[in-house]
């Protein structure tokens, strides 16, 4: 789609508006001028007719009343033309009966009549005024409208000049006005980071500036996160791939000793497993981001306690291998959510508690209702999280102890996945931790309808 300039669009609209206003004004002026002129002509002709009526009643001859500007016609009671100031007497016989003339018919009916038309006799445009006399005859005056047309013709060039002047003026004014209007917007866009309510030129633009600032901030933050995520992904994938490549090269070139081959194989398998887990977590995060953008999750009423129990069973072997005990304190916890995502949430919470613990430690998963809303809580007696790191543990690839995380096979994405799943469900996360004493993560969900105990959530 071709981009348009706001300034140019605004300028065009102002020009069209100005020209339209001038054109409408010109048409209105012509209309009112015509009406005013028409009323004036009619009034003048009426006065002239009344004056001539008095003269005729006093015995004056019709020809004595003739003027250069007015055509005088005297019509008999039967419609016969008795006198016409513009034609010789001999030509009167050729005149048609005038009873059907609109102005004559109106005069006979109401005392006076008015009409405008082209004369059948002369072929010229006339304004007619007829006055019924006391003796039954009709006195008709005709005013040649060439003078009116001449006035219109004289006005048209003037109107044309006015339109041209207004058009040129509109071009200049619209360019100046549109520039004045657009300039503050451009200033806001160019200095969005330094904007304050005091520096915004117009109060009406403050909401716009605030929205623009927030959008700019979010874009910058997203770009920063994208760059960091890309860099972290590259680094995290490069490390196991380098290790796998190194061991494979030793095996390929026959450098490895026979007694080391099994160990090399275990290390390759370990790094490959770590990379598979990393890719799986990255894909899950990508899927969560897509669901957030589309607001698409299969939200159904379910019981968190069943998902927590299944998650504990799935990680039981992993916990035993690390000499960690999984405890359960499960009560019904009705929520509305996506069963698969909430199962992954429980898995990641438990896995985090297992990985960052000590042999002989424990991890406890609890579910229930608190103040009428469902919750899931995972606590442990592990190594704990320093106070300065607690606000960042839910960031992607953030590790409190990088060496320990890699040793345990962690990807640094587990709690980030938890955060995204919680956000999709409108849940709140709280964390309490003390170095050396363990960590408690509590996730509280919005209120939900009671769960039918006869139905188990599908995974």
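Against the criterion of being surrounded by 12 or more Cβ atoms within 10 Å (Cβ to Cβ) and either at pLDDT 80 or above or not in a strand (DSSP E or B) (or both), residue 20 does not qualify.
Filter segment 367-389 for residues that are under 41 Å from the mean Cα position of the chain (by Cα) and either surrounded by fewer than 22 Cβ atoms within 10 Å (Cβ to Cβ) or part of a helix (DSSP H, G or I) (or both) and give the result. Steps first, answer last, please.
Let us first name the residues in segment 367-389 that are under 41 Å from the mean Cα position of the chain (by Cα), namely 371-376, 389.
Answer for segment 367-389, where residues must be under 41 Å from the mean Cα position of the chain (by Cα) and either surrounded by fewer than 22 Cβ atoms within 10 Å (Cβ to Cβ) or part of a helix (DSSP H, G or I) (or both): 371, 372, 373, 375, 389.
Keeping to segment 124-161, report how many residues are part of a loop (DSSP other than H, G, I, E, B) and modelled with pLDDT under 70. Final tally of qualifying residues: 1.
Check whether at least one residue in segment 390-399 is surrounded by fewer than 13 Cβ atoms within 10 Å (Cβ to Cβ), out of contact with any helix residue (DSSP H, G or I) (no Cβ under 6 Å at 6 or more places or on another chain) and modelled with pLDDT of 70 or more, and report yes or no.
Among the residues of segment 390-399, at least one is surrounded by fewer than 13 Cβ atoms within 10 Å (Cβ to Cβ), out of contact with any helix residue (DSSP H, G or I) (no Cβ under 6 Å at 6 or more places or on another chain) and modelled with pLDDT of 70 or more, which makes the answer yes.
Applying a threshold of 8 Å to beta carbon distances and a minimum spacing of six or more residues, or different chains, the list of pairs starting in segment 43-70 at a residue that is more than 13 Å from residue 133 (Cβ to Cβ) and ending at one that is assigned to a helix (DSSP H, G or I) and modelled with pLDDT under 80 is empty.
The values are calculated or read from the model by the stated rules, or taken from the named source; none is laboratory data. Worth saying up front: this structure is predicted, and the values here are computed from it rather than measured. So basically every Cβ, Gly included, is an ideal-geometry build from the backbone, and we count neighbours across all protein chains shown.
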